[in-house]
1. Taking the stretch B:159-170 as the region of interest, how many residues are assigned to a helix (DSSP H, G or I) and either more than 10 Å from chain A (Cβ to nearest Cβ) or crowded, with 20+ Cβ neighbours inside 10 Å (or both)?
2. Could you please tell me which pairs satisfy a Cβ distance under 7 Å, a separation of 6+ or placement on different chains, a first residue in the stretch A:128-140 that is at the interface with another protein chain (Cβ under 9 Å from one of its Cβ atoms), and a second residue that is surrounded by fewer than 16 Cβ atoms within 10 Å (Cβ to Cβ)?
3. Has the stretch A:208-225 got at least one residue that is of a type in the set (Lys, Arg), away from chain B (no Cβ under 14 Å), within 16 Å of ligand 1 (Cβ to nearest atom) and under 30 Å from A:Gln55 (Cα atoms)?
4. Which one is nearest to the other protein chains (Cβ to nearest Cβ) among residues in the stretch B:171-185 that are surrounded by fewer than 17 Cβ atoms within 10 Å (Cβ to Cβ) and part of a helix (DSSP H, G or I)?
5. Select from the stretch A:24-47 the residues that are in a strand (DSSP E or B) and farther than 17 Å from A:Leu72 by Cβ and write down the one among them that is farthest from ligand 2 (Cβ to nearest atom).
6. Quickly run through the stretch B:53-93 and pick out the residues that are of a type outside the set (Phe, Trp, Tyr) and touching a Phe, Trp or Tyr at 6+ places or on another chain (Cβ under 8 Å).
7. Looking only at residues in the stretch A:48-93 that are assigned to a helix (DSSP H, G or I) and more than 11 Å from chain B (Cβ to nearest Cβ), which one is least open to solvent (accessible area, probe 1.4 Å)?
8. Let me spell it out: the conditions are (1) within 27 Å of B:Leu218 (Cα to Cα); (2) assigned to a helix (DSSP H, G or I), and B:Ala63 meets all of them except one. Which number is the exception?
Amino acid sequence: MLQIEKLGHYYADHTALEDVNLEVAEGELVSIVGPSGCGKSTLLRCIAGLIRPSQGRITLNGREITDVPDNLAVVFQDYSRSLLPWLTVRDNVALPLRRRGRSKSERQAAALGALQAVGLADAAHKYPWQLSGGMQQRVSIARALAYQPALLLMDEPFGSVDAQTREDLEDLVLRVRKDGMTILLVTHDIDESVYVGDRVIVLDRAPGRVAADLAVGLPSARDQISTRELPEFVHMRAEVGRLVRGQAPPGAVL
Amino acid sequence: MSAAVAGRRPGRYGVGLLTGILHRWIVLAVAVACWEVGTRIARSPSFPPPSTIVSKMYHLWFAGPASHLFLTSEATGNLLPSLGRMAVGLAASIVAGVGLGLLLGRSERMFAYLDPLFQFARVIPPPTLAPVFIVLFKLGSQMQIASIIFSAIWPILLNTADGARSVDQLQMATARVFRLSSTDRLFKIILPSTMPKIFAGLRLSLSLALILMVFSELLPGATDGIGFLMSDAQSRSDLPTLWAGIVLLGILGYLLNTLLLMAERRALAGHRAARRVDTT
Ligand SMILES: Nc1ncnc2c1ncn2[C@@H]1O[C@H](COP(=O)(O)OP(=O)(O)O)[C@@H](O)[C@H]1O
Ligand SMILES: [Mg+2]
């Protein structure tokens with residue numbers, strides 16, 4: 001579905017990404033981990049068509065991305081600034097649905113459904129600035145889910161939520177992907193990358209490039225308690241951890 | 001801006017609000033009392049005491065029949081045309097200023113081309129253009145409204161352009177990602193986020209419109225209006241009427257500004273609450 005070839009991106013005096021190659025199949029959930037500043041957000045912005053990469057090309061379903069593709073949603077890392085303070089939570093979630101040719105009541109219902117899924121049905125009539133950071137983050141997740149994109153890009157979407165909610169949201173992501181959504185999830189939490197992912201991509205720091213592309217060999221039905229006990233999970237976590245810290249012995253890159 | 005917000009802070013507490021109002025009115029009352037005493041002692045015909053001015057205002061304008069809301073024909077014949085021209089001029093300035101400002105602010109190229117021109121036009125003192133307007137437009141209301149528009153439009157236009165240029169990048173990125181229609185971008189993102197700047201411009205424009213309203217009525221061709229009334233009184237050396245006009249303009253300016261502040265508070269309630277949360 002998504003092909004990234006020889007992707008490179010330079011900011012004024014700084015190489016954020018260099019020679020990134022990546023392929024994502026339809027319906028896959030790919031975790032992207034790496035130290036902060038390694039170019040994870042830059043990579044997502046290139047895929048979203050928000051910035052034009054300095055080098056290489058990205059194709060989505062065979063067509064090169066030159067502008068924001070249709071059927072794509074992003075949960076931005078800076079979630080609070082991406083919500084509109086003058087709209088209620090529900091209107092924020094419903095706004096993108098206006099282009100999908102649905103009636104107002106259908107849009108409102110879809111928005112409420114998505115808010116319910118992230119546990120925020122009670123906050124529908126509040127304004128974003130009346131919510132905590134974690135709740136705002138969930139609103140921006142709800143907005144992306146209600147949109148029902150074919151490709152969902154999430155940039156550290158669970159950074160500000162508490163541990164319990166985080167687990168609930170991870171399971172929510174695992175549920176929505178069953179509908180065939182392709183998901184790229186950026187995180188700096190190694191456990192999370194393994195728990196939700198079919199694959200884990202480890203990015204190197206400066207310049208960002210793919211250090212490892214690991215398939216997660218866990219059964220697709222996952223559970224917060226028992227999955228994390230599996231030897232495969234423990235093993236993967238250790239391996240990804242080593243790679244992120246740059247301690248992998250040469251040749252360990254798959 | 002921050003001073004204005006700080007000044008309104010006590011408004012959130014009942015007692016603070018009351019003493020705040022009291023303090024303000026006490027100062028005004030003392031000033032008026034001094035004025036009364038001073039003018040009575042001086043006995044200058046050029047400076048009638050405020051009590052004389054107020055009674056003049058009453059007899060001139062507000063002693064009419066109840067069916068006319070107590071307005072005299074003098075009032076309906078002069079105050080209403082003035083206010084009408086100002087309203088039309090200000091409304092046209094808002095529509096054109098906000099429209100052009102958004103266009104200018106959202107298009108880099110338009111901005112590069114037109115900003116120097118507008119900056120230049122803005123600094124021309126509007127009264128100097130009055131003679132040109134007298135030639136260009138029909139004498140009377142048309143020329144007067146044109147003068148109001150030409151002075152009041154700039155603060156709104158330039159402020160709107162400035163605000164539209166500084167819409168949050170991430171909000172615009174969100175609009176692109178979710179492919180919002182251009183109408184939605186305009187009405188759900190650009191316009192709301194420009195609103196504080198529009199109101200800042202509007203406050204300047206309001207006082208400019210008031211000034212030009214009076215000034216344009218002092219020019220040849222004026223047949224009614226507060227300014228016309230005053231220049232007429234001046235030619236008859238009718239100083240109490242002249243002073244009545246000055247006080248009326250002061251009250252008018254105060255009322256209009258209060259109305260604007262109320263509208264601004266309503267329109268920007270969400271903005272201010274959001275900022276308060278951000279900074280704490
Ligand atoms: N707009 C920008 N201009 C200049 N440098 C940037 C910009 N955005 C990001 N960078 C730099 O590029 C690098 C990668 O940034 P980013 O993609 O945000 O990393 P990550 O999301 O992995 O933390 C960082 O060193 C950052 O400072
Ligand atoms: Mg980032």
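The values are calculated or read from the model by the stated rules, or taken from the named source; none is laboratory data. Keep in mind the model is a prediction, meaning the values are calculated, not measured. Backbone-built Cβ (ideal geometry, glycine too); neighbour counts: all protein chains shown. Heads up: the accessible areas ignore ligands, DNA and RNA and are worked out on the full protein's heavy atoms, side chains in. Shrake-Rupley method; radii C 1.70, N 1.55, O 1.52, S 1.80 Å.
1. Pass one, the stretch B:159-170, residues assigned to a helix (DSSP H, G or I): B:159-165, B:169-170.
Imposing the further condition that a residue be either more than 10 Å from chain A (Cβ to nearest Cβ) or crowded, with 20+ Cβ neighbours inside 10 Å (or both) reduces the set to B:159-165.
So the answer is 7.
2. Here the result reads A:Trp129/B:Ala273; A:Trp129/B:Val277, each pair linking the stretch A:128-140 to a residue that is surrounded by fewer than 16 Cβ atoms within 10 Å (Cβ to Cβ).
3. If we filter the stretch A:208-225 for residues that are of a type in the set (Lys, Arg), which is where we start, we get A:209, A:222.
Now drop any that are not away from chain B (no Cβ under 14 Å), which leaves A:209, A:222.
Subsequent filtering for residues that are within 16 Å of ligand 1 (Cβ to nearest atom) retains A:209.
From what's left, under 30 Å from A:Gln55 (Cα atoms): A:209.
Looking for residues that are of a type in the set (Lys, Arg), away from chain B (no Cβ under 14 Å), within 16 Å of ligand 1 (Cβ to nearest atom) and under 30 Å from A:Gln55 (Cα atoms), one finds at least one in the stretch A:208-225, hence yes.
4. Going residue by residue through the stretch B:171-185, those that are surrounded by fewer than 17 Cβ atoms within 10 Å (Cβ to Cβ) are B:176, B:181-183.
Now drop any that are not part of a helix (DSSP H, G or I), which leaves B:176, B:182-183.
On the way: B:Arg176: 5, B:Ser182: 11, B:Thr183: 9 Å.
Top of the filtered list is B:Arg176.
5. Taking the stretch A:24-47 first, the residues in a strand (DSSP E or B) are A:24, A:29-33.
When the remaining residues are screened for being farther than 17 Å from A:Leu72 by Cβ, the result is A:31, A:33.
On the way: A:Ser31: 14, A:Val33: 12 Å.
The extreme case among them is A:Ser31.
6. Of all residues in the stretch B:53-93, those of a type outside the set (Phe, Trp, Tyr) come to B:53-57, B:59-60, B:63-69, B:71-93.
B:Ile53, B:Lys56, B:Ala63, B:Gly64, B:Leu71, B:Thr72, B:Glu74, B:Ala75, B:Asn78, B:Leu79 - these are the residues of the stretch B:53-93 that are of a type outside the set (Phe, Trp, Tyr) and touching a Phe, Trp or Tyr at 6+ places or on another chain (Cβ under 8 Å).
7. Going through the stretch A:48-93, the residues assigned to a helix (DSSP H, G or I) turn out to be A:79-82, A:89-93.
Checking which are more than 11 Å from chain B (Cβ to nearest Cβ) leaves us with A:89-90.
On the way: A:Val89: 0, A:Arg90: 54 Å².
Among them, the one singled out is A:Val89.
8. Among (1) within 27 Å of B:Leu218 (Cα to Cα); (2) assigned to a helix (DSSP H, G or I), B:Ala63 violates only (2).
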